[in-house]
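The values are calculated or read from the model by the stated rules, or taken from the named source; none is laboratory data. Just so it is clear, the structure is predicted and the values come from calculations on it, not from any experiment. Positions of Cβ are backbone-derived with ideal geometry, glycine not excepted, and every protein chain shown enters the neighbour counts. These accessible areas exclude ligands, DNA and RNA; they are computed on the full protein's heavy atoms, side chains included. Shrake-Rupley method; radii C 1.70, N 1.55, O 1.52, S 1.80 Å.
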Amino acid sequence: MKQNNTPLISDRIDFADNDLLRNLCGEHDRNIKLIERLATVKLSVRGNVVSIAGSRFSVPLAKGLLAQLYKITGKGYPLSPADIEYAYRILAEDATADLERLFLDTVFISSKKRIITPKSIAQKLYIDAIRESDMVFGIGPAGTGKTYLAMAMAVSALLEKKVNRISLARPAVEAGEKLGFLPGDLSEKVNPYLRPLYDALFDMIDFDRATALIQKGVIEVAPLAFMRGRTLNDSFVILDEAQNTTSEQMKMFLTRLGYGSKAVITGDVTQIDLPPDKISGLVEAEELLCKTEGIRFIHFSELDVVRHPLVQDIIRAYNHLDRRKRRNGGRSEA
């Protein structure tokens with residue numbers, strides 16, 4: 001019997017604990033059905049044995065996925081359908097990846113009791129780099145968790161008293177923080193551009209507690225221009241949307257770092273909104289500092305997207321369009 005001209009093979013995997021296997025299968029076998037769809041295999045569960053049928057590629061992948069998810073479930077990890085999709089994506093890229101090392105690395109437990117863990121190899125590298133280095137650049141497309149994970153690390157460091165304050169900054173508007181044309185006072189002008197940072201913060205900490213910390217100045221959310229002339233000691237500093245900093249702004253930010261501080265700079269170099277005559281500070285910083293000891297650069301791709309599955313496809317499509325434009329001197333093909 002053949003499927004898509006590929007001979008079918010079969011295998012089986014025995015599980016020692018029936019209760020854990022039931023947890024792995026999910027309510028009404030929803031996890032089993034999801035794995036079947038993702039890996040293009042047929043799974044049959046009888047007692048403590050799962051039989052697997054599919055192609056020579058899909059069967060070993062599904063077997064490895066089931067075995068690793070079973071181990072993770074046995075450690076008490078609350079497996080979700082999204083986790084299974086991330087796990088499949090990781091093993092499809094690297095069959096030797098250790099899912100336990102990723103999924104059981106608890107970065108932070110939010111006020112909503114949600115466990116925040118890395119969901120891809122790049123995210124794990126990013127978390128480890130932040131732990132080990134005082135300055136880390138996270139570069140890649142939207143939805144890869146760059147800012148969210150940095151925020152989780154910052155809040156964790158604050159609550160563990162490793163730092164005394166958190167400073168969150170981003171360029172207030174695209175193309176150079178020109179706020180004058182916006183209505184309202186300064187706070188009203190810049191708040192819409194800082195909203196994503198507030199949203200991530202309030203997802204980590206209870207709203208009232210976060211507000212109290214902001215009022216005390218322990219947590220600061222501000223436009224990048226507010227960093228000028230300061231030295232930030234014992235702080236966890238995050239610069240978001242760094243692709244829209246100018247060379248001068250990036251230099252200014254990077255030189256604010258004081259003793260006992262960490263800095264995480266995030267951005268997407270495919271989404272630069274600066275005028276054509278301005279060099280992105282993020283692009284320039286990578287060229288200048290990529291070999292500097294103590295500074296780490298972690299790159300994300302569409303494979304690391306942790307939003308709706310369609311986002312991954314959308315990013316891939318736009319990346320393909322950008323490559324076609326470059327080949328055609330900036331023009332889209334008809």
*With a sphere of radius 14 Å drawn around the Cβ of Arg12, what net charge do the other residues whose Cβ falls strictly inside it have (Lys, Arg +1; Asp, Glu -1)?*
+1
*Residues with amide H under 5 Å of Ala263's amide H, sequence separation 5 or more or different chain, H placed in the peptide plane at 1.01 Å from N; which?*
Met135, Val136, Val237
*How much length is gained if the chain between Asp134 and Asp94 is pulled fully straight, taking 0.36 nm per residue apart and subtracting their Cα-Cα distance, in nm to one decimal?*
11.5 nm
*For the chain, what is the mean residue ellipticity at 222 nm derived from helices alone (per DSSP H run of n ≥ 4: -39500 (n - 2.57); sum divided by total residues; nearest 500 deg cm²/dmol)?*
-13500 deg cm²/dmol
*DSSP loop GluC sites (Glu not before Pro) in the stretch 215-311 with at most 14 other Cβ atoms within 10 Å of their Cβ, which ones?*
Glu293
_Quick check on my link table: of Lys63/Lys119; Lys75/Lys262; Lys124/Lys291, which ones sit more than 24 Å apart, alpha carbon to alpha carbon?_
Lys75/Lys262
*asked:* Relative contact order for the chain: what percent, with Cα pairs under 8 Å and sequence separation of 6 or more?
replied: 17 percent
*asked:* Compute the distance from the alpha-carbon center of the stretch 146-170 to that of the stretch 115-130, in whole Å.
replied: 15 Å
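Quick one: dipole size for the stretch 1-109, taken about the Cα centre, charges +1 on Lys/Arg Cβ and -1 on Asp/Glu Cβ, in debye to the nearest 20. Mind dumping the intermediate values first?
Numbers: 14 positive and 14 negative charges, 91 e Å.
In debye, rounded to 20, the stretch 1-109 gives about 440.
Which percent of the accessible heavy-atom area of the stretch 59-145 goes to carbon and sulfur, probe 1.4 angstrom?
Numbers: 1830 of 3350 Å².
C and S fraction of accessible area: 55 percent.
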*Looking at Ile109, Asn31, Ile84, which one has the Cα that reaches farthest to the positive end of the dipole of the chain (charges on Cβ: Lys, Arg +1; Asp, Glu -1)?*
Asn31
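What order do Ser55, Ser111 take when sorted by accessible area (1.4 Å probe), most exposed first? Don't skip to the answer; put the middle values down first.
Values: Ser55 30, Ser111 55 Å².
Reading off the accessible areas and sorting them downward yields Ser111, Ser55.
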*Please get the size of the charge dipole for the stretch 62-173, origin at its Cα centre, with Cβ charges of +1 on Lys and Arg and -1 on Asp and Glu, quoted in debye to the nearest 20.*
440 debye
*If amide H atoms are built 1.01 Å from N in the plane of the peptide, which residues on other chains or at least 5 residues away come under 5 Å of the amide H of Arg170?*
Ala222, Leu224, Asp240
*Dipole magnitude of the chain about its Cα centre, charges +1 at Lys/Arg Cβ and -1 at Asp/Glu Cβ only, in debye to the nearest 20?*
480 debye
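Quick one: pull the percentage of alpha-carbon pairs in the chain with a separation above 27 Å. Can you show the working numbers first?
Details: 29311 of 55611 pairs.
Every Cα pair in the chain considered, those over 27 Å come to 53 percent.
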*asked:* Once you keep just the Cα pairs under 8 angstrom separated by 6 or more residues, what percentage relative contact order results for the stretch 1-142?
replied: 18 percent
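In Å², what does the accessible area per residue of the chain work out to with a 1.4 Å probe? Please list the in-between numbers first.
Numbers: 17410 Å² over 334 residues.
It amounts to 52 Å² per residue over the chain.
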